[in-house]
Every structure is written in structure tokens, then in C-alpha cells.
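Visitor: Can you keep this structure in mind? I'll have questions shortly.
No value in this document is a laboratory result; all are computed from the given coordinates. These figures come from a predicted structure and were not determined experimentally. Neighbour counts run over all protein chains shown; Cβ positions are idealised from the backbone, glycine included.
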Amino acid sequence: MCCSKESCAIFGWHFLIRMVKRGVLLVTTTIFLMQATGVLAQSNSARINYLLNCQGCHSADGKGSAGGAPDMTLYGKEFLQSAPGRRFFIQVPGSSNSSLSNLELADVLNFIARELIQYNEAIQFTESEVEQYRGTKISNVVETRNQLILELVR
Ligand code: HEC
């Protein structure tokens, strides 16, 4: 408290410093919260985009169904670890022909890698990577997949 006239000047400084510290704390907390909610929003919209665009064939856990889409978790890690495998993930018709933007598709593929294949160390797909490879069509998807698996799983 400000008791005497002399200490008033000091109090003024203390008050100012305290307010600055509080301000810094408030700003850092706000930035942290903004980042945290940003990350959450991103992974949430990827989850929703997967549900709307991919889940029908791939099922909620990515394991597909007999006679339908293959189990993505089976060779997922191997695909994600290799450059041709990553390109394949971008170029399969379900990915490349979806109505998702390049950034949204990158986020969905990252969601698949992280949540369904459960490979947290996977290199993140980026918007530019998707943009670079998405336009190249795979001529025979099933054959390409089988060939890739033979090469990757030795
Ligand atoms: C109409 C059904 C269908 C939809 C919808 C679909 N896929 Fe697929 N997906 C397949 C099939 C079938 C394969 C196997 C390759 C092929 O024959 O096209 C496949 C293969 C894949 C693979 C390779 C996995 C592996 O193990 O070979 C990835 C990755 C993939 N799809 C991602 C997606 C994403 C992302 C979406 C949504 C944006 C999506 N797919 C939507 C049917 C579908």
C-alpha cells in the first residue's frame, strides 16, 4: 500500500511493473490458448472431413471392409515411411478425386496417419505436397498397390 509520500513514488513503480508482468502473462496465456484451440479445430475438422468423405468406404477405424476398401492400418506405416507410398496415399482416387481442398486433404491424411494408423512419427503431409502430386492419376490402382506392398514389405 502507499503509506507515506516518499514511498508513493516507489509504489508507483511497483504497481507499474506488476501490471506489465500481468500483461505479459495474459498475452502469453492468450497466445497459448489460441494455438491450442487452433490445433484442436484443425484435427476436429479433419475428423469430420474423414467422416463425410472417406468413412463410408474405409469405416471409422480405417479398416475398410471385405470386398471394399482395404485395411489402411495393415501397411499404413510402410506406405507413410516411403516417398512412393506417400504419393500413393495422395493419388488414390478416394483422396485425389475428393472435393477436399489440398490443405483439407493433407489434414485428413495426417488424421489417418495419426489416429487410424497410429503412426505418430509420420512426416506431416503438407498442402504443397498434396498440390504437387494430386493431379497425377494412377493408371491401375490395385496393381500399383500390390506392387508397392511387394516393394515396401520385404
Ligand atoms: C468409394 C469408396 C471410397 C471412398 C469414398 C474413399 N476411398 Fe480410399 N480407397 C478405396 C479403395 C477401394 C482403395 C484401394 C485402392 C483402390 O482400389 O482404389 C482405397 C485406398 C485408399 C488409400 C490407400 C490405403 C491402402 O492401404 O492402400 C488411402 C490412403 C485412401 N484410400 C484414402 C482415402 C481418403 C483420404 C478418402 C476420403 C477423402 C477416401 N480414401 C475415400 C475406396 C474409397
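Visitor: Out of the stretch 67-94, which residues are within 6 Å of the ligand (Cβ to nearest atom) and in contact with a Gly (Cβ under 6 Å, 6 or more places away or on another chain)? Step through it out loud before you land on a result.
Guide: Kept after step one, since they are within 6 Å of the ligand (Cβ to nearest atom), are these residues of the stretch 67-94: 69-70, 72, 75, 89, 92-94.
Residues satisfying the conditions are P70, M72.
Visitor: Does V108 meet the test of being surrounded by 14 or more Cβ atoms within 10 Å (Cβ to Cβ) and out of contact with any strand residue (DSSP E or B) (no Cβ under 8 Å at 6 or more places or on another chain)? Spell out how you get there, then give the answer.
Guide: Details: surrounded by 14 or more Cβ atoms within 10 Å (Cβ to Cβ): yes; out of contact with any strand residue (DSSP E or B) (no Cβ under 8 Å at 6 or more places or on another chain): yes.
Criteria met by V108.
Visitor: Suppose the filter is exposed (fewer than 14 other Cβ atoms within 10 Å of the Cβ) and within 15 Å of the chain's Cα centre (by Cα); does I90 pass it?
Guide: Values: exposed (fewer than 14 other Cβ atoms within 10 Å of the Cβ): no; within 15 Å of the chain's Cα centre (by Cα): yes.
Taking the combined requirement at face value, the residue does not satisfy it.
Visitor: Let me ask you something else. Regarding the stretch 141-151, can at least one residue be identified that is in contact (Cβ under 8 Å) with a residue 40 or more places away in the chain, over 22 Å from I48 (Cβ atoms), among the charged types (D, E, K, R) and crowded, with 16+ Cβ neighbours inside 10 Å?
Guide: Checked the stretch 141-151: at least one residue is in contact (Cβ under 8 Å) with a residue 40 or more places away in the chain, over 22 Å from I48 (Cβ atoms), among the charged types (D, E, K, R) and crowded, with 16+ Cβ neighbours inside 10 Å.
Visitor: Now for a different question. Give the stretch 141-154 a look and list any residue that's touching a helix residue (DSSP H, G or I) at 6+ places or on another chain (Cβ under 9 Å) and in a helix (DSSP H, G or I), or say none. Please lay out each step first, then the result.
Guide: Keep residues of the stretch 141-154 that are touching a helix residue (DSSP H, G or I) at 6+ places or on another chain (Cβ under 9 Å), which gives 141, 144-145, 148-149, 151-153.
Across the stretch 141-154, the qualifying residues are V141, T144, R145, L148, I149, E151, L152.
Visitor: Can you tell me how many residues within the stretch 57-66 are in contact with a helix residue (DSSP H, G or I) (Cβ under 6 Å, 6 or more places away or on another chain) and near the ligand (Cβ under 8 Å from one of its atoms)?
Guide: Just the residues of the stretch 57-66 that are in contact with a helix residue (DSSP H, G or I) (Cβ under 6 Å, 6 or more places away or on another chain), to begin with: 62, 64.
When the remaining residues are screened for being near the ligand (Cβ under 8 Å from one of its atoms), the result is 64.
Within the stretch 57-66, residues that are in contact with a helix residue (DSSP H, G or I) (Cβ under 6 Å, 6 or more places away or on another chain) and near the ligand (Cβ under 8 Å from one of its atoms) number 1.
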